[in-house]
């Protein structure tokens, strides 16, 4: 890279978990620089949060509207190159729309918008402005997730027959979300109608489609709210039908007592299968009809190009959530710089979730909610 890529952050101020994740991930390679921010909807909190991370006072803004206006007025070699969005869900669309229309590329937290209609509108804005849009489905950044994807793409498993993807958590077994920094998750006006589906179910959906290369065609979903008075589902079980005739099971839960972030995927084809768990992300199990299970490990020379590019440490040194998140930032920022310099990006740098993935996620949420309301009726996923 010829220079650092500059970005501005919307949201993620005092008390926010995800803001620090974005900043750490962006900084990991030393190639991306945070130059400005609007870190809260409260102007005073926004500026105080910026002071906490030692941003210059003249680049600490009271609102994202102010940030966009002031940054756009700066010389090209000083203004931010892209905007990162780390707000609650209900702000994602307005912040992305304003940023794109102001001439800035956007990297947003998931889900992309509050509802499917907003997602479709956002896709049109991305196409109209010609700006880049990325989504932080960070689990696609793991080296062995990329290895699994490549093995399926080249036919190592044969035609895919069955996929099982699970994302259980247990933190909402009580009403913990009703207080503190996570309170907005229990408000459908701020987080959307999907509840667990939007929060972690879309990660499972995105991982399934990314790894297999197959899209969900239709689904039958049973979504439940076990928390008394909770307005949105906290547990969902989904049967899915995929392109090419494959079938699948997707389960996402936030009331599975004792579970942390136990995202995992199993894929079975005519010739073999594979299995990956986020709790042990440096290992990929590959299964065969006629010989023992193989264990692929992060950091070894036998991995494919995408997995090698995503690897940051020598074998046996743990790589995890932050490193995977950083891989999304690195690829997106390299693409941003290539556009700025009118050069061709490394093809591997194009491997980050796009606006189409964003729309797919919102279509998934809508289809799950619709199916569950109709007693798990089969519902097409149209995106």
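What follows is calculated from the coordinates using simple rules that are stated; it is not laboratory data. No experiment lies behind these values; they were computed from the predicted model shown. When we count neighbours, we look across all protein chains shown, and the Cβ atoms used for this are built from the backbone with ideal geometry, even at glycine.
So the values come out like this:
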{"quantity": "Cα Rg over Rh - the chain, Kirkwood", "calculated": "0.96"}
{"quantity": "Relative contact order (%) - the chain, alpha-carbon pairs under 8 angstrom, separation at least six", "calculated": "19"}
{"quantity": "Quotient of Cα Rg and 2.2 N^0.38 Å for the stretch 194-233, N being how many residues it contains", "calculated": "1.39"}
{"quantity": "Most mobile listed residue (217, 368, 83) in the chain, GNM with C-alpha springs under 10 Å", "calculated": "217"}
{"quantity": "Virtual paramagnetic centre 7 Å along Cα→Cβ of residue 280, amide N under 17 Å, in the stretch 130-155", "calculated": "143-145, 148"}
{"quantity": "Considering only the chain, percent of DSSP beta bridges that pair antiparallel, nearest 5", "calculated": "60"}
{"quantity": "Computed FRET value (nearest 0.05) for residue 69 with residue 356, which takes r as the C-beta separation and R₀ as 22 Å", "calculated": "0.15"}
{"quantity": "Mean Cβ neighbour count within 10 Å, used as a protection proxy, ranking 325-331, 129-135, 292-298 highest first", "calculated": "325-331, 129-135, 292-298"}
{"quantity": "Segments 340-346, 93-99, 285-291 sorted - mean Cβ within 10 Å per residue, highest first", "calculated": "93-99, 285-291, 340-346"}
{"quantity": "Listed residues 54, 232, 151, most fluctuating in the chain (Gaussian network, C-alpha, under 10 Å)", "calculated": "54"}
{"quantity": "Sum of -39500 (n - 2.57) over DSSP H runs of 4+, divided by residues of the chain (222 nm, nearest 500)", "calculated": "-10500 deg cm²/dmol"}
{"quantity": "Least to most buried among 276, 378 (fewest other Cβ within 10 Å first)", "calculated": "378, 276"}
{"quantity": "Debye equation applied to the C-alpha atoms of the stretch 128-283, log10 I(q)/I(0) at 0.09, 0.17, 0.19 Å⁻¹", "calculated": "-0.32, -1.01, -1.16"}
{"quantity": "Cα gyration tensor category, rounded, prolate or oblate, for the stretch 246-297 with a/c compared to 1.5", "calculated": "oblate"}
{"quantity": "P(r) weight above 26 Å for the stretch 197-340, C-alpha pairs, percent", "calculated": "39"}
{"quantity": "Sites residue 231 and residue 291 - FRET efficiency at Förster radius 45 Å, r taken between beta-carbons, to 0.05", "calculated": "0.30"}
{"quantity": "Difference of contour (0.36 nm per residue) and Cα-Cα distance, residue 154 to residue 190", "calculated": "8.8 nm"}
{"quantity": "Choice from 82, 364, 17 with maximal GNM fluctuation in the chain (Cα, 10 Å cutoff)", "calculated": "17"}
{"quantity": "Along principal axes, Cα extents of the stretch 72-198, largest first, whole Å", "calculated": "52, 44, 28"}
{"quantity": "Length gained when the stretch residue 224-residue 262 is fully extended (0.36 nm per residue, less Cα-Cα span)", "calculated": "11.7 nm"}
{"quantity": "Relative exposure of 152, 53, judged by other C-beta atoms within 10 Å (fewest first)", "calculated": "53, 152"}
{"quantity": "Kirkwood hydrodynamic radius (C-alpha pairs) into Stokes-Einstein, the stretch 123-168, 25 °C and 0.890 mPa s, D in µm²/s", "calculated": "179"}
{"quantity": "Unit Cα scatterers, Debye sum, the stretch 262-370: log10 I(q)/I(0) for q = 0.19, 0.24 Å⁻¹", "calculated": "-1.16, -1.28"}
